[in-house]
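Single-structure report; data block below.
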């Protein structure tokens, strides 16, 4: 759980290597934690360094393990075994100053395999990664970085990106440089290309075995930075939670106070005025409800549309709608003409009158328009008309 907080679910390594033509290549491997297993998420090969950095930043990867396996690394097998690094270095590279180099060794059946690289070159690579906001947790050299996989490799010989290794019972027998082959291996249930075998070993060594071969400054600094960020976020989260709880409590308290204050103010008001006001509102609501449910309220739009647009030459004398069918009688049901509108009047201009009649007939709600009586003498003024409009 702690590893996930510090490193997340993705573990990455980069190998600086070279191809058969001697050109430098950059091999990137990213594994993803899924439950209790590791799966290959990304395995890439780049010929340009900028492409490598762009891809790492694109995947939001903040940390890697670096394997230096290019032409800057000097490697040599010697026929002695000694726990003293200075003795091994002096035997392999007697003309070099040990203080200028970073070294890694790998025991063989008969002797030691030693790889060295200038310290200034290692620092320049770490600085370059840092400038891209990527932390180098550890640095491993050449073939010596295979050490963390030797105990679980089931093959007698295995190829890396540029070397052939002969293995016997988990121990290195011999190393043959500049061997270029493309193949895949099954290592502890993980399908991996030989191009990324050293990167896999570097991931196991640093992330899983918690081993740092190079100076531990970078690793410790990253862990401390993560602890600070996690602690900072935790403190902010606690403070935010406290402020939120405080806000909810006082907001609830303030709401209750306001509620009781309003209730107290209401009780101070004149109850009689309040009851009178409620009664008035009740009556008005009842009246409004009756009006809205009334048929006459919904049909009032028809007379409005009849009068709207009437020419000046037409004068209305009678506009009757929902008229009684017969004279009212006591204890008798009252019937209305709900679908008829009767219109009477006079006109001075027959053309304007007929145009107005045509407009009425085109109304969507007009079923039929009957001219009961119309004087059509164009020369006569104040001609009478009597029409009946049937409603849909």
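Here, each number is a calculation from the coordinates, and none is a lab measurement. Nothing here was measured: the structure is a model prediction, and the numbers come from that model. No Cβ is skipped: glycine too gets one built from the backbone with ideal geometry, and neighbour counts run over all protein chains shown.
Considering the zone a paramagnetic label at residue 110 would reach in this model (a point 7 Å from Cα along the Cα-to-Cβ line), which residues of region 73-95 have amide N under 18 Å from it? Backbone N within reach: 76-82. One entry in (i) 30.6; (ii) 22.9; (iii) 26.4 is Kirkwood radius over Cα pairs in Å calculated from the shown coordinates; its label is (i).
Rounded, prolate or oblate: which fits region 22-173 when a ≥ b ≥ c are the square roots of the eigenvalues of the alpha-carbon gyration tensor, with rounded for a/c under 1.5 and prolate only if a/b beats b/c? Walk me through the numbers before you get to the answer.
Values: a/c = 2.14, a/b = 1.31, b/c = 1.63.
Since a/c reaches 1.5 but b/c is at least a/b, the shape of region 22-173 is classed as oblate.
Using R0 = 51 Å, the C-beta based FRET efficiency linking residue 174 and residue 238 works out to 0.30.
Of the peptides 34-43, 146-155, how do they stack up when ordered by the mean number of other Cβ atoms within 10 Å, highest first? Each step should come with its number before you reach the end.
Working: 34-43: 12.7, 146-155: 16.5.
Descending packing order for the listed peptides: 146-155, 34-43.
In the elastic network of the chain, a GNM with C-alpha springs shorter than 10 Å, the most mobile of 322, 195, 103 is 322.
How would 196, 72 line up from fewest to most surrounding beta-carbon atoms within 10 angstrom? Don't skip to the end; give the middle numbers.
Numbers: 196 28, 72 17.
Taking fewest neighbouring Cβ atoms as first place, the list is 72, 196.
A helix-only calculation puts the chain at -12000 deg cm²/dmol for mean residue ellipticity at 222 nm, using -39500 (n - 2.57) for each DSSP H run of at least four residues, averaged over all residues. Give, as ranges by residue number, the residues of region 110-150 whose backbone N falls under 12 Å from the point 7 Å along Cα→Cβ of residue 91. Those under the cut-off are 110-114.
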